[in-house]
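Report on the structure given below.
The values are calculated or read from the model by the stated rules, or taken from the named source; none is laboratory data. It should be emphasised that the depicted structure is a prediction, and the values quoted were computed from it without experimental measurement. Positions of Cβ are backbone-derived with ideal geometry, glycine not excepted, and every protein chain shown enters the neighbour counts. Calculation scope for accessible area: heavy atoms of the full protein, side chains included, ligands and nucleic acids excluded. Shrake-Rupley method; radii C 1.70, N 1.55, O 1.52, S 1.80 Å.
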Amino acid sequence: MSLKDIITEDMKTYMREKKQIALDTVRMLRSEIKNVEINNRPAGELDDEGVLKVIASAVKKRRDAAQQYKDAGRPELAEKEELEITFLEKYMPAQMGEEEIRKIVAEAAEGLDVSDKKNFGAVMKKVMEKTKNKADGKLVNELVKAVFDGNN
């Protein structure tokens, strides 16, 4: 069963169980997936990897929105965004811990001159390939920066 099929089945379940926030979240996700498929028309339907990218993007948008709501003094809206994140993360692979990411960063930086900021992009690329959809890009960026700043 593909990830899109699982999402569709979950949507049906949420309809039967009348879980409105979960249903709205899954409907929005299906809509975003469909929009990406339409915009990439010749490529056709998204595979599981493509769907995971859409989900990761949706989670990132919700995190950013939740933070903005908190900053604006709207905790009820931030709470709604965070609840939606919990429904979306259900479809994501298990996220890596900070220590695991640090090891990958150290491996990627091995043999490179970390005092030269020009190597930052190369290290980020290697790390992102290994952590694809399993780690928050913002956290990865911070950990790689720490290595280049000498704070590892």
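Residue pairs whose Cβ atoms lie under 8 Å apart, separated by 6 or more positions or on different chains, with the first residue in the stretch 128-152 and closer than 16 Å to VAL114 by Cα and the second open to solvent by less than 90 Å² (accessible area, probe 1.4 Å) and not in a helix (DSSP H, G or I), are VAL147/VAL114; PHE148/VAL114; GLY150/VAL114. Within the span defined as the stretch 29-41, every residue fails to be within 21 Å of LEU139 (Cα to Cα) and open to solvent by less than 70 Å² (accessible area, probe 1.4 Å). The residue of the stretch 112-139 that is most open to solvent (accessible area, probe 1.4 Å), among those that are over 15 Å from GLY150 (Cα atoms) and not in a helix (DSSP H, G or I), is LYS132.
If only one of ALA108, ALA66, ALA58 is assigned to a helix (DSSP H, G or I), touching a Leu at 6+ places or on another chain (Cβ under 6 Å) and either surrounded by 17 or more Cβ atoms within 10 Å (Cβ to Cβ) or not β-branched (Val, Ile, Thr) (or both), which one is it? Let's see the steps before the verdict.
Values: ALA108 fails: touching a Leu at 6+ places or on another chain (Cβ under 6 Å); ALA66 fails: touching a Leu at 6+ places or on another chain (Cβ under 6 Å).
The conditions single out ALA58.
Entry remark, the stretch 69-95: residues being open to solvent by less than 80 Å² (accessible area, probe 1.4 Å) and either at pLDDT below 95 or in a helix (DSSP H, G or I) (or both) number 15 in total. If I ask for residues that are in a helix (DSSP H, G or I) and either small (Gly, Ala, Ser) or closer than 19 Å to ALA56 by Cα (or both), which ones from the stretch 29-45 would you list? Those that are in a helix (DSSP H, G or I) and either small (Gly, Ala, Ser) or closer than 19 Å to ALA56 by Cα (or both): LEU29, ARG30, SER31, GLU32, ILE33, LYS34, ASN35, VAL36, GLU37, ILE38, ASN39, ALA43.
Please determine, by comparing only the residues of the stretch 96-105 that are closer than 19 Å to LYS60 by Cα and not in a loop (DSSP other than H, G, I, E, B), which one is most open to solvent (accessible area, probe 1.4 Å). Checking each candidate, the answer is GLU98. Taking ILE7, is it out of contact with any strand residue (DSSP E or B) (no Cβ under 6 Å at 6 or more places or on another chain), surrounded by 15 or more Cβ atoms within 10 Å (Cβ to Cβ) and either in a helix (DSSP H, G or I) or not aliphatic (A, V, I, L, M) (or both)? So ILE7 fits the description; yes.
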